[in-house]
1. Any idea which of (1) farther than 30 Å from residue 351 by Cβ; (2) in a loop (DSSP other than H, G, I, E, B); (3) modelled with pLDDT under 95 is the one residue 278 doesn't satisfy?
2. Quick check: anything in the stretch 455-465 acidic (Asp, Glu), modelled with pLDDT under 95 and under 29 Å from residue 42 (Cα atoms)?
3. Evaluate the stretch 362-380: report whether one residue or more is under 24 Å from residue 209 (Cα atoms) and buried (at least 18 other Cβ atoms within 10 Å of the Cβ).
4. Between residues in the stretch 401-416 that are outside the structural domain of residue 382 (by TED's automatic domain parsing) and residues that are outside any helix (DSSP H, G or I) and of a type outside the set (Ser, Thr, Tyr), which pairs lie under 9 Å by C-beta distance while being six or more apart or on different chains?
5. With respect to residue 130, is the statement that it is farther than 26 Å from residue 221 by Cβ, surrounded by 12 or more Cβ atoms within 10 Å (Cβ to Cβ) and in contact with a Ser or Thr (Cβ under 9 Å, 6 or more places away or on another chain) true?
6. If we keep just the residues of the stretch 247-258 that are surrounded by fewer than 19 Cβ atoms within 10 Å (Cβ to Cβ) and of a type in the set (Gly, Ala, Ser), which is farthest from residue 167 (Cα to Cα)?
7. Have a look at 391, 405, 375 and point out the one that is within 28 Å of residue 154 (Cβ to Cβ) and acidic (Asp, Glu).
8. Of the residues that sit in the stretch 418-455 and are on the phi < 0 side of the Ramachandran plot and not in a helix (DSSP H, G or I), which one is surrounded by the fewest Cβ atoms within 10 Å (Cβ to Cβ)?
Amino acid sequence: MNLNDIETLIPQNLTGEQKAKAKTLFYKNLALKMHKFYGGKIAIMPKAGIFDYNWFNVWYTPGVSAVSTAIRDNNDSSFDMSNRANAVAVVSDSTRVLGDGDCTPSGGLGVMEGKAMLMKYLGGIDATALCINSRGADGKPSADKIIDFVKMCAPSFGAINLEDISQPNCYKVLDALRETCDIPVWHDDAQGTACVTVAGLINALKLADKKIENVKIILYGSGAANTTIAKFLILMGANAGKIIIFDSKSSLNKNREDLKNRPDSYKQWELCQITNGENLIAQEEAFKDADVLIALSKPGPDTIKPQWINIMAAKSIVFVCANPVPEIYPQSAKQAGAYIVATGRGDFPNQVNNSLCFPGILKGVLLCRAKTITDTMALSAAKAIAKRACDIGISENNILPLMTDVEVYALQAAEVAKAAQKEGVSRVKINYEDAYNKTKEDILNAQNLTARLMKDGFIKTPPDDIIEETMKEVLKNLL
């Protein structure tokens, strides 16, 4: 069942774009088959032993009554006597799932179970997918309903991961919950994307021999990801006046009266006041001599034009991270003059993927029982990712570690726990070495357990020919 060999199943006479399209369709078709084969990808199992019949009296009634009253008298003891200390809720109303938009509440389960699977395998975290119906009486998604739901279920978890919530609710929900919850609330589409993007940019700038305070940056798309990236870039020392952000209409600038006093655009209006110091409007004038492009907008491959990249500065850095198809294919961006190109996909060089950060960040906050995740904590994770890549060895096609690198998650967890304690938002103290070792231990336990379950047949092996048959179906329809 080795997917590393799928290139051998694709005819070599196809163009680069045809090969990329074939792989995209292959992964989608195989995902449908595999999710039906397994009935999803997450299960719950005990972590405490049942050594004989009387142990039921310990784990449940009458013995468990003592646990209930102990937690009643000290709610913080719930972290010691339940799985709460290592539990994350992945909450979504499925109104903006990946590039597919509103998928109905249960439509997000595939993604949310995927997040839970990655948290376990890459972070040693137990996560639960919670897809909710956020519609109000008017039939529209309600931020208040999401906020109330999270507040109600928060006592069962050590942290909350918000996912795939449409604008402007994604901003409202995160801002409200960060103010009112006493556990960390993390919005992966915003903070996660910003964290790993900044990590990649740190190393890309290093390779290009450019300083963040001097570069001209284009952010193409003004959603939750790019608005948070803008904030993180400024915190990292970027010149706000040299950041130009585009939405579907034009650049963000002080004259965008259409964004003023609109409750769904308050983040964008705030950025209108501090970015784009030269008030550049058209793409052609904004892209001229730009050093960096970070696109998180409409899937391509024609969203970003080669001629725009062609007029960027020497050694330009291009992040085109729309899913499932980048705003421009990497080979086209390179031909247009880009020095470093990154995408959100693992089948191209330089994958910028949230999965590289959220397992480590959430593990770090769980270990120190943090009450929130500050921007400083997120940036400490970004710097840890960038440093780990440098330690391995960076190049034009390797600016970030791979998701399979256990070390990067352990380092992030330790750095995040350290930052949380420094900022006074942790409940308990844990030293750097203990946080690092515990994270590594839990990740390796999860991965070794998965391998053992596969070896012993508790995780079934799919049919041998399913990969080849799926590719044949894709190529037949494609060609």
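1. With respect to (1) farther than 30 Å from residue 351 by Cβ; (2) in a loop (DSSP other than H, G, I, E, B); (3) modelled with pLDDT under 95, residue 278 is out only on (3).
2. Yes, there is a match, as at least one residue in the stretch 455-465 is acidic (Asp, Glu), modelled with pLDDT under 95 and under 29 Å from residue 42 (Cα atoms).
3. yes
4. none
5. Yes.
6. 250
7. Sole residue among the options that is within 28 Å of residue 154 (Cβ to Cβ) and acidic (Asp, Glu): 375.
8. That would be 429.
The values are calculated or read from the model by the stated rules, or taken from the named source; none is laboratory data. A quick note: this is a predicted structure, and the numbers were derived from the prediction, not measured. Virtual Cβ from ideal backbone geometry, glycine too; neighbours counted across all protein chains shown.
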